[in-house]
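Below: the structure, in structure tokens.
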Amino acid sequence: MSKLTEMKSVDFLAALASSAPAPGGGGGAAMAGALAAALASMVCNLTIGKEKFAQQEPEVKELLDEAEEVRQSLLALVEDDAAVFNSFMACYKLPKATEAEKSARIAAIRSAAKQAAEVPLAIARASYRALMLAERLVCIGNPGVITDGACSAILARAALRCAEYNVRINLGLTKDEEYNHGVQAELNNLLKNAEELEAGALALTDKVLE
């Protein structure tokens with residue numbers, strides 16, 4: 001099977017819609033985050049090189065570099081999410097005929113659950129970075145494409161929220177309370193800050209459109 005991110009969009013969507021469990025919600029979240037980062041890059045590219053925005057151009061160029069880095073990271077995470085899911089499911093096929101095999105299988109499942117949580121956690125972090133970029137670009141980017149910046153913010157927060165659910169379903173299988181508490185605390189912080197960033201970006205967009 002070809003790499004998910006090398007598929008035509010219509011083929012990726014068909015794979016997402018199929019009965020195959022991967023790609024799934026995590027891959028969809030990562031792709032949504034990549035779309036958010038791409039829109040942030042678009043706002044940058046439509047700001048850079050225009051005389052009226054010369055003052056903020058150095059910062060916008062830096063934002064463009066970061067947006068491209070985030071986009072590539074999220075595209076890689078589309079692939080990683082499918083791979084880690086397949087590895088996780090392989091643990092359920094381990095033998096369980098003896099007590100030793102049962103114990104080894106349970107340990108493998110718990111370890112794989114952590115790995116499966118780490119990928120959507122990385123998606124959440126990257127999507128939050130995309131949201132920070134979008135919020136800043138709504139403030140300093142070309143106002144002619146401010147709605148594209150707003151769309152970037154909406155997509156980025158949605159991607160983060162989707163990723164959070166994909167983390168949580170795996171946390172239920174780790175049986176590691178300390179690990180779970182730390183991850184959930186980080187997610188709660190990201191979600192709280194993301195809500196504020198999106199609200200700020202949309203409020204400014206609405207004001208410009210009045």
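Can you pick out the pairs among K8/K102; K3/K96; K52/K207; K3/K52 whose Cα atoms lie more than 31 Å from each other?
Correct reply: K8/K102; K3/K96; K3/K52.
Using the Cβ atoms and a cut-off under 15 Å, what net charge is assigned to the surroundings of L171, where Lys and Arg are +1 and Asp and Glu are -1?
Its environment carries a net charge of -2.
With springs only between Cα atoms under 10 Å, which of K61, K175, K50 fluctuates most in a Gaussian network model of the chain?
K50
Would you indicate which of (i) 1.32; (ii) 1.17; (iii) 1.04 is the value of Cα Rg over 2.2 N^0.38 Å derived from the coordinates of this structure?
Answer label, from the structure shown: (ii).
Between S87 and N45, with labels modelled 7 Å along Cα→Cβ, what's the label distance in nm to one decimal, could you check?
Using points 7 Å along Cα→Cβ, the separation is 3.3 nm.
Order the peptides 145-155, 82-92 from the highest to the lowest mean number of other Cβ atoms within 10 Å of their residues.
Averaged packing, sorted descending, gives the order 145-155, 82-92.
What does the charge count near A117 come to, summing +1 for each Lys or Arg and -1 for each Asp or Glu among other residues with Cβ under 15 Å from its Cβ?
Taking every other residue near A117 into account, the sum is -3.
So how compact is the stretch 95-210: Cα radius of gyration and Dmax in angstrom?
19.3, 69
If you place +1 on the Cβ of every Lys and Arg, -1 on the Cβ of every Asp and Glu, and leave all else neutral, what size is the dipole of the stretch 71-115 about its Cα centre, to the nearest 20 Debye?
Around 160 debye, computed over the stretch 71-115.
Which of E135, E195, E177 moves most in a GNM of the chain, Cα contacts under 10 Å?
Among E135, E195, E177, the largest GNM mean-square fluctuation belongs to E177.
Just so you know, all these numbers are worked out from the coordinates, no wet-lab data involved. Note that the structure is a prediction, hence the values are computed from the model and not measured. FYI the Cβ positions are ideal-geometry reconstructions off the backbone, even for glycines, and counts take in every protein chain you see.
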